[in-house]
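Since the structure comes first, as structure tokens, the remarks are kept for the end.
The values are calculated or read from the model by the stated rules, or taken from the named source; none is laboratory data. A quick note: this is a predicted structure, and the numbers were derived from the prediction, not measured. Glycine also receives a Cβ, built like all others from the backbone with ideal geometry; neighbour counts cover every protein chain displayed. The area values use the complete protein model at the heavy-atom level, side chains included, leaving out ligands, DNA and RNA. Shrake-Rupley method; radii C 1.70, N 1.55, O 1.52, S 1.80 Å.
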Amino acid sequence: MIHTHHNYDLSALNTMALSATAATAIIIDDESVLPSLQLAAPWMVLSGGSNVLLPHRIEATVVMPRMMGKKVIAEDADSVTLEVMAGENWHDLVSYCTTQGWYGLENLALIPGLAGAAPVQNIGAYGVQLEDALVSVRVYEWQTARFETLTKDQCQFAYRHSIFKDDPDRYLITAITLKLHKDSTKTMSNYGDLHNHATALATQDGRSSITPMDVYHAVIDIRNSKLPDPKQLPNCGSFFQNPIIAADQYQSLLEQYPTMPHYPMADGMVKVPAGWLIEQAGLKGGGIAPILTHTKQALVLTNHAPLIATQNDIAATAMHIIDAVAAKFGIRLVREPVWIDRDGSHH
Ligand code: EPU
């Protein structure tokens, strides 16, 4: 069904807790209605609201996909292929799959948002990205009014990137298909102190080797210790991407800052953590009130004036950080969450 609302309050539907109203909101809980939807421009899609910066008033029609359900579409002794509708809560999905003994998503526990938005920025954490488990994405193409299935390759995934970011108005994601494995001895735990943390949980339980469930619990513990819960301290996760710099720039920075953490990339470039750069620039816990970086993770901007702070407040702190990091390191940080204008356009 299509549910249409006017002057729809989005304040509780964005994790940055910005006060926002949509001129019109359309909630869709069944994809079969899409071809009959007469959508007047301008319009935009809002999923779980965990990666957006909303203006006070959106004159565009806000489309909110809320199709629910998941079903096993193939299964054998080693794996399960699962189709998940776009409106399913991501963390609940991870919990469900891990409990079922379907593994591959455990590192992505506790990421806020809905399943349908997961491919857009190719969500990733603790050494795993969505693309590692994803098979395909079911989309509705607005212009042709047709459903289509995009393979993983067609999605053009990269770090925090996909075709859906390049061409945001082309498709509505209606479902994702994931392939999960059943081997409880296999799990990805070589990110930071994840292995030690998961091993401690296994040891407490009298086991000598870790399981995906240990990794799931360790990820939850680590996230809870560093990342603010949006319900208590509004935020939209990492505010900047981790910059990827050329090897020679990295070498000259390393001479000045020998302890700089870094992750070599396959193409010879080097990823450096933006959180470290911000902390070194003296801005951990800093910024321009009421938007401050988190005291335990400088890459997360937090809103200390829920429903009062505006996009302009966020822009002020973001610019302050970008300028400070550029001045100290010669690296220009790039914003990760999507900025929405009054007319629904985004950048
Ligand atoms: N660091 C600092 N100071 C800080 C924050 C980080 O020195 O204030 C250092 C850490 O000590 C560590 C390094 O930076 O050496 C990396 O930190 P962390 O492991 O916390 O991860 P991150 O690079 O800051 C990325 C993702 C997160 C994801 C974590 C874990 C991006 C933009 N962010 O953060 O994703 O949870 O890795 O995998 O890639 C998100 O996208 O919203 C998000 C939270």
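Rounded to the nearest whole Hz, the Karplus-based 3J(HN,Hα) values (6.51 cos²θ - 1.76 cosθ + 1.60, θ = phi - 60°) of region 285-291 follow the sequence x, x, x, 10, 4, x, 9, with x at glycine and proline. Do you know the relative contact order of region 197-307, to the nearest whole percent, from alpha carbon pairs under 8 angstrom that are 6+ apart? Worked out over region 197-307, it gives 24 percent. Each other residue within a Cβ distance under 14 Å of Leu254 adds +1 if Lys or Arg and -1 if Asp or Glu, for a net charge of -1. Solvent-accessible area of region 158-271 (1.4 angstrom probe, protein heavy atoms only): carbon and sulfur portion equals 51 percent.
Within the set of other residues whose C-beta is less than 10 Å from the C-beta of Val137, count the net charge using Lys and Arg as +1 and Asp and Glu as -1. Here the count lands on +1.
Each Lys or Arg adds one and each Asp or Glu takes one away; over the other residues whose Cβ falls under 15 Å from the Cβ of Phe164, this sums to -3. Taking the DSSP bridge list for the chain and keeping only pairs wholly inside it, about 80 percent are antiparallel.
Summed over the residues of the chain and divided among them, the accessible surface reaches 45 Å² per residue at a probe radius of 1.4 Å. Here region 283-302 and region 146-199 have alpha carbon centers that stand 28 Å from each other. Placing unit charges on each Cβ (+1 for Lys and Arg, -1 for Asp and Glu) gives the chain a dipole about its Cα centre, and among Phe240, Ala109, Cys97 the Cα reaching farthest toward its positive end belongs to Phe240. About the centre of its Cα atoms, region 149-285 shows a dipole size close to 360 debye [charges on the beta carbon of Lys, Arg (+1) and Asp, Glu (-1) only; nearest 20 debye]. For the chain, compute the number of Lys pairs whose alpha carbons are separated by less than 22 Å, excluding pairs fewer than 8 positions apart on the same chain. Step by step, the pairs that qualify in the chain add up to 21.
Amide hydrogen proximity for Glu75: with H placed 1.01 Å from N in the peptide plane, the residues at 5 or more positions away or on another chain lying under 5 Å are Thr81. At a 1.4 Å probe, what is the % contribution of carbon and sulfur to the accessible area of region 1-151? Looking at region 1-151 in its full context, I get 51 percent from C and S. Between region 315-347 and region 113-143, the alpha-carbon centres lie 24 Å apart. Here the Karplus curve 6.51 cos²θ - 1.76 cosθ + 1.60, taken at θ = phi - 60°, turns the phi angles of region 115-132 into couplings of 4, x, 8, 4, x, 4, 9, 6, 3, x, 6, 6, x, 10, 10, 3, 4, 5 Hz, with x standing for Gly and Pro.
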